[in-house]
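One structure is given below, encoded as structure tokens.
The values are calculated or read from the model by the stated rules, or taken from the named source; none is laboratory data. Because the structure is a prediction, the values reported are computed rather than measured. So basically every Cβ, Gly included, is an ideal-geometry build from the backbone, and we count neighbours across all protein chains shown. Side chains are part of the model used for accessible areas, which takes the heavy atoms of the whole protein and leaves out ligands, DNA and RNA. Shrake-Rupley method; radii C 1.70, N 1.55, O 1.52, S 1.80 Å.
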Amino acid sequence: MNIHEYQAKELLKKFGVAVPDGIPAMTVEEAVAAAGKLPGPLYVVKAQIHAGGRGAGHFTDNPTGKGGVRLCKTADDVKAAAEAMLGKVLVTKQTGAEGKEVQRLYVTDGVDIEKEYYCSVLLDRATSRVTFMVSTEGGMDIEEVAEHSPEKIIKVSVDTASGFSGFHARKLAFGLGLSGAQVKSASKFFANLYQAFIALDASIVEINPMILVGDEVMALDAKMNFDENALFRHPDVAALRDETEEDANEKIAKDNELSYVRLDGNIGCMVNGAGLAMATMDIIKLYGGEPANFLDVGGGATAERVTVAFKIILSDPNVKGILVNIFGGIMKCDVIAQGVIAAAKEVSLSVPLVVRLEGTNVEQGKDLLNNSGLPIIAADNLADAAQKVVDATKKAQEAA
């Protein structure tokens with residue numbers, strides 16, 4: 001689960017992480033009032049959406065104008081910036097061409113930035129350790145730094161059994177070229193960031209840029225993502241969820257206990273099991289196709305849940321073919337078949353549908369599909385299914 005910048009900063013501040021003063025605003029009037037409560041004389045008005053690159057982005061109503069982060073010197077400037085952002089669609093390199101509507105702002109106090117750095121904390125699944133990544137190249141995408149200047153990225157792994165220590169902090173601080181009082185401030189910053197990461201069950205905390213103001217290290221921006229499996233321990237964090245920022249189908253999937261992620265391809269996938277879903281997407285690409293989604297219905301899905309999953313896939317206008325790949329264990333093939341038939345009839349299936357079933361109640365499932373009256377293409381194995389759905393999708397597009 002993602003949260004907004006201002007929410008992340010409020011959480012981090014509770015753990016002693018230094019951040020500039022700031023106040024969220026939902027209206028132009030609230031933005032102006034927020035500026036009046038800050039010291040000034042410089043203010044920053046930031047669009048709040050779940051995407052990076054806001055400052056370099058553009059609004060669809062003014063493509064050549066300013067982006068979603070603006071410096072202001074007066075209350076009138078703040079008002080103008082708020083009017084130019086609220087209710088408008090902001091396009092960044094992370095939103096895609098459709099952009100996202102700005103419904104919230106964050107008005108912060110301007111600070112005298114001496115130097116910008118990059119800092120993130122994440123779980124390295126290869127080592128099962130919490131890993132800090134820092135760089136002197138603050139404000140840049142870490143992927144770009146990794147590609148062009150990998151030597152400028154310093155990594156420090158922390159064993160959660162022993163925790164974060166002064167050794168880790170000094171290695172990070174010295175790696176960034178900090179000295180004297182700066183090292184003391186950075187050490188406190190890194191230690192508090194680690195505590196927040198662990199205590200809140202975060203999956204990533206990204207501070208970009210982390211800044212130096214005098215001798216103090218601060219978080220000028222903040223991004224946090226949380227392990228949804230641990231949210232039951234953090235109702236206060238779960239309450240920060242902004243459903244307006246979520247893909248509508250991903251929200252429906254989440255509400256129905258389905259794992260769904262929309263992708264850019266044209267072949268919809270419905271699979272049971274995350275590993276099988278990944279293998280299905282891989283083999284579709286191997287045979288020259290592009291998956292339109294990741295969708296795992298889970299091991300204990302009902303016919304009703306399968307129907308919802310099928311409708312989610314078909315609601316994507318980019319989907320020109322569908323592959324249902326089920327290996328029945330706990331999940332029974334006849335239940336999948338019932339859900340597929342119900343959904344296909346309800347939405348008037350108009351794209352090729354390839355189904356591969358194996359496992360528990362497979363014969364009953366195949367009989368249901370064969371007698372459904374639907375134009376379903378049966379597949380003998382996963383390779384056969386991938387080849388058939390890619391071929392059928394290409395033919396359907398050529399005929400359109």
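Observations, loosely collected:
- Simple Cβ-charge dipole of region 129-281, Lys/Arg +1 and Asp/Glu -1, about Cα centre, in debye nearest 20: 800 debye
- Student exercise, region 66-217 dipole from Lys, Arg, Asp, Glu Cβ charges, in Debye to nearest 20: 240 debye
- Only Cα pairs under 8 Å and 6+ residues apart enter the sum, and on that basis the relative contact order of region 148-275 stands at 13 percent.
- Considering only ILE252, ILE267, ILE376, the mean-square fluctuation computed in a Gaussian network model of the chain, springs between alpha carbons under 10 angstrom, is largest for ILE376.
- Cβ-based charge dipole, the chain, positive-most Cα from ASN2, VAL308, PHE132: PHE132
- Accessible-area rank, largest first, for GLU243, GLU5, GLU206: GLU243, GLU206, GLU5, with all protein chains present and a 1.4 angstrom probe.
- Looking at region 2-136, the accessible area is 46 square angstrom per residue; that uses a 1.4 Å probe and ignores ligands, DNA and RNA.
- Angle between the chain longest axis and helix 5-14 axis [Cα atoms, degrees, rounded to 10]: 60 degrees
- Gaussian network model of the chain, Cα within-10 Å springs - most flexible of VAL390, VAL121, VAL205: VAL390
- Protein accessible area in region 250-302, 1.4 Å probe - carbon and sulfur %: 54 percent
- Close amide H contacts of GLY328 (hydrogens built in the peptide plane, cut-off under 5 Å, sequence separation of 5 or more or a different chain): GLU358, GLY359, THR360.
- Region 246-400: C-alpha gyration tensor shape, a/c 1.5 cut-off, then a/b vs b/c: rounded
- Accessible area of region 309-397 belonging to carbon and sulfur atoms, whole % at 1.4 Å probe: 50 percent
- Calculated [θ] (222 nm, deg cm²/dmol) that DSSP helices of n ≥ 4 give over the chain, each run adding -39,500 (n - 2.57): -11000 deg cm²/dmol
- Under a Gaussian network description of the chain, with springs only between Cα atoms under 10 Å, the residue in ALA378, ALA181, ALA126 that fluctuates furthest is ALA126.
- Rounded if a/c under 1.5, otherwise prolate or oblate - region 328-385, Cα gyration tensor axes: oblate
- Taking amide H as placed 1.01 Å from N in the peptide plane, the amide H of GLU101 sits under 5 Å from that of LEU90, each at least 5 places away or on another chain.
- Magnitude of the charge dipole for the chain, about its Cα centre and with charges confined to Cβ atoms of Lys, Arg (+1) and Asp, Glu (-1), is about 360 debye.
- Hits among lysines - C-alpha to C-alpha of LYS188 under 23 Å, sequence gap 8 or more where chains match: LYS9, LYS13, LYS14, LYS115, LYS152, LYS155, LYS171, LYS223
- The chain: relative contact order as a whole-number percent, Cα under 8 Å and 6+ apart: 12 percent
- Applied to region 351-368, the Karplus parametrisation 6.51 cos²θ - 1.76 cosθ + 1.60 on θ = phi - 60° returns per-residue 3J(HN,Hα) values of 10, x, 10, 10, 10, 10, 10, 8, x, 4, 6, 5, 5, 4, x, 5, 4, 4 Hz, with x for Gly and Pro.
- Comparing VAL45, VAL28, LEU11 along the charge dipole axis of region 1-127, the residue lying farthest to the positive side is LEU11, per the Cβ-charge model.
- Percent of beta bridges antiparallel (DSSP, the chain, rounded to nearest 5): 75 percent
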